[in-house]
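Below is one structure, written out as structure tokens, with a few remarks after it.
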Amino acid sequence: MLTTLHIENYALIRETDVDFREGFVAITGETGAGKSILLGALGLLLGQRADTAVLADKGRKCIVEAQFDISGLGMEPLFAEADIDYDDQLILRREILPTGRSRAFAGDTPVQLPFLRSLGTSIIDIHSQHQTLTLADSTFRLHLLDTLSSTAGKASAMPAYAAAYADYSRLKRDLEELTSTEAQNRREQDYLQFQYDELAAAALEAGEQEPLEQESRLMSHAEAVREGLATAAALLDSDGAQAVLPGLRQAKAALDHVAAYHPEAEALLARLDSSLIEIDDINRELQRAADGISYSPERQQQVDDRLALLYRLQKKHGVESVEALIALRDDLDRRLQGIATLDDRIHDLMEQVDRAFARVQSAADSLTKARRQAGEMMTRDILPTLRELGMPEARFSVALAPLSDYGPTGHDSVQFLFNANRGAEMRDLSKVASGGELSRLMLAIKSMLTSRTLLPTIIFDEIDTGVSGDISLAVARTMSRMAEHMQVIAITHLPQIAARAQQHLKVYKETDGDRTVSRIRELDADGRLTEVATMLSSDPPTAAALQTAKELMER
């Protein structure tokens with residue numbers, strides 16, 4: 001239950017602290033006094049988006065802090081999963097900074113908004129007057145039936161269906177993508193095959209291009225190379241006057257005769273002998289190289305044709321090497337093999353989709369069965385409360401019908417059939433129920449739900465819209481009965497409801513300096529009497545109103 005609430009620098013509230021008791025709590029005040037501001041502040045603690053527009057003083061941060069008694073709710077696993085220390089007395093704090101950033105804390109631990117939202121569904125239900133309109137929403141109706149089925153002593157069938165539907169949707173999406181890919185690949189297959197065949201026919205070899213380019217250059221200048229080598233060899237060793245080797249041999253012979261008599265001549269002879277050996281070797285190499293140069297027009301044509309093929313393929317595919325062409329060829333081969341096996345993959349995936357759809361159908365059948373049982377229970381249990389709320393002739397039933405397809409919420413559409421008058425045709429309640437009847441229907445539904453759950457607190461924001469007189473007393477009795485096993489906080493304009501409460505808080509506005517502020521205070525017995533009487537008549541209340549208020553409170 002909600003035990004304390006601290007609000008600072010939020011909308012019209014400068015700073016306030018409110019203590020809440022167990023049971024039935026009424027909050028009253030004039031329209032615009034700031035009652036709904038309390039709900040907005042609580043909404044921040046439950047994970048709603050923050051907005052700097054709520055800052056009364058734009059230079060200061062806004063703080064909302066509340067304490068909840070969560071003992072006995074079994075929420076320890078939720079805290080353990082989030083790695084947050086658990087305490088029966090939970091303190092939530094939310095801060096909105098002037099920069100627009102916000103921070104949230106559970107105890108002293110910073111938390112993210114999703115954690116606050118998950119907490120909120122377990123500790124408090126805030127019912128605004130606009131939520132009554134959701135009775136006309138099919139998704140809300142289905143969720144209501146699923147909630148009822150899970151409070152009837154067994155687990156809800158919705159999680160199992162949601163898991164099966166998610167798996168089916170994923171597989172179906174994969175199949176659609178694979179089928180689309182297959183169609184695209186089929187359109188490209190002939191072109192890919194042509195490209196692969198062309199590259200495969202080229203019999204590409206890594207590293208072949210550079211040797212071919214060298215051979216092509218050599219054959220293009222074969223005559224000049226051979227002539228140069230031969231000329232160099234002739235200059236080294238021939239009968240001509242310019243030949244090198246004959247002169248070196250003659251010089252060596254001359255030095256041989258005098259080397260024994262002159263040490264320097266002996267050293268020069270050794271050097272000359274070494275040079276003669278080296279030049280003689282060079283001469284043999286030149287002759288061998290010259291003899292090895294041959295020119296073949298056929299071979300040159302083969303080399304040039306091969307290079308032309310390599311250059312053309314590289315230009316066509318936008319690459320710069322034979323190795324890149326080989327990588328492209330191998331990739332094309334893999335893609336073609338993938339296309340060849342795509343039919344098998346599609347067939348396998350189709351079987352998976354069929355099996356997943358069968359699981360969806362089975363889970364949907366279980367979900368429909370659970371919803372039908374919840375609908376029967378709802379029809380049975382809601383009628384006594386509707387009679388207490390001033391609709392003795394009311395008839396209500398839940399009608400399920402299959403949809404044409406399966407969706408995230410199952411295979412069902414649901415109607416809430418209603419009529420408050422005897423003998424009149426039952427139709428969808430959104431078409432036959434008045435605003436006051438919708439309010440009482442929602443109150444009856446909330447009463448039914450809260451009697452089956454551990455939810456510790458529910459807040460009604462003017463759910464009494466459109467009701468008055470004896471109906472107001474019936475609404476008050478229903479809320480009072482709900483408050484026997486949970487905390488009920490009602491923001492109301494009805495004196496009958498305020499008189500029934502065990503704690504009465506009044507919200508009011510006053511001028512503080514140069515601005516209007518909202519304040520809230522708890523009323524004592526006399527203050528309650530005056531407030532209820534004022535709600536009955538005027539301010540100040542008449543004597544008759546005071547007497548009526550006293551009777552209401554005593555009742």
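Table for the structure above
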| item | result |
| --- | --- |
| So Leu199, is it in contact (Cβ under 8 Å) with a residue 60 or more places away in the chain, in the same structural domain as Tyr311 (by TED's automatic domain parsing), in a helix (DSSP H, G or I) and surrounded by 18 or more Cβ atoms within 10 Å (Cβ to Cβ) | yes |
| Within region 369-381, considering residues that are under 35 Å from the mean Cα position of the chain (by Cα) and among the charged types (D, E, K, R), the one farthest from Glu393 (Cα to Cα) | Lys369 |
| Criterion (exposed (fewer than 14 other Cβ atoms within 10 Å of the Cβ) and either in contact (Cβ under 8 Å) with a residue 12 or more places away in the chain or touching a Ser or Thr at 6+ places or on another chain (Cβ under 7 Å) (or both)) met by exactly one of Asp343, Asp330, Asp348, Asp381 | Asp343 |
| From the options Ala499, Ala549, residue that is closer than 19 Å to Leu443 by Cβ, of a type outside the set (Asp, Glu) and in contact (Cβ under 8 Å) with a residue 40 or more places away in the chain | Ala499 |
| Residue among Phe79, Phe20 that alone is within 29 Å of the chain's Cα centre (by Cα) and of a type in the set (Phe, Trp, Tyr) | Phe79 |
| Yes/no for Glu298 being loosely packed, with under 15 Cβ neighbours inside 10 Å, in the same structural domain as Ala201 (by TED's automatic domain parsing) and not in a helix (DSSP H, G or I) | no |
| Selection from region 398-422 of residues that are in a strand (DSSP E or B) and of a type in the set (Gly, Ala, Ser) | Ala399, Ala401, Ser404, Gly407, Gly410, Ser413 |
| When residues of region 420-460 are limited to those that are of a type in the set (Asp, Glu) and at pLDDT 85 or above, the one nearest to Leu5 (Cα to Cα) | Asp428 |
| Residue within region 33-48 that is outside any strand (DSSP E or B) and free of Cβ contacts under 8 Å to residues at least 12 places away in the same chain present | yes |
| Condition check for Ser472: in a helix (DSSP H, G or I) and farther than 23 Å from Leu2 by Cβ | yes |
| Matching entry among Gly32, Gly47 (being at pLDDT below 85 and at positive phi) | Gly32 |
| Looking only at region 214-264, and only at residues there that are hydroxyl-bearing (Ser, Thr, Tyr) and under 15 Å from Ile279 (Cα atoms), the one that is modelled with the highest pLDDT | Thr231 |
| Hits in region 83-108 (condition: among the small types (Gly, Ala, Ser) and closer than 16 Å to Leu45 by Cβ) | Ser102, Ala104, Ala106, Gly107 |
| Residues that are closer than 16 Å to Arg387 by Cβ and among the hydrophobic types (A, V, I, L, M, F, W, C), drawn from region 418-441 | Phe418, Ala420, Ala433, Leu441 |
| Check on Ala289, out of contact with any strand residue (DSSP E or B) (no Cβ under 7 Å at 6 or more places or on another chain), among the aliphatic types (A, V, I, L, M), on the phi < 0 side of the Ramachandran plot and free of Cβ contacts under 8 Å to residues at least 12 places away in the same chain | no |
| Any hit, region 425-445, residues being crowded, with 16+ Cβ neighbours inside 10 Å, within 44 Å of the chain's Cα centre (by Cα) and farther than 23 Å from Leu145 by Cβ | yes |
| Members of region 508-523 found to be without any contact (Cβ under 8 Å) to a residue 12 or more places away in the chain and among the acidic types (Asp, Glu), listed by number | Glu510, Asp514 |
| Residues being in a loop (DSSP other than H, G, I, E, B) and of a type in the set (Gly, Ala, Ser) - total across region 304-323 | 2 |
| Where Ser366 falls short, out of the listed (1) within 38 Å of the chain's Cα centre (by Cα); (2) small (Gly, Ala, Ser); (3) under 30 Å from Ala183 (Cβ atoms) | (3) |
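The values are calculated or read from the model by the stated rules, or taken from the named source; none is laboratory data. Here the structure is a predicted model, which is why all the values come from computation and not from measurement. Heads up, the Cβs are rebuilt from the backbone with ideal geometry, glycines too, and the neighbour counts pull from every protein chain shown.
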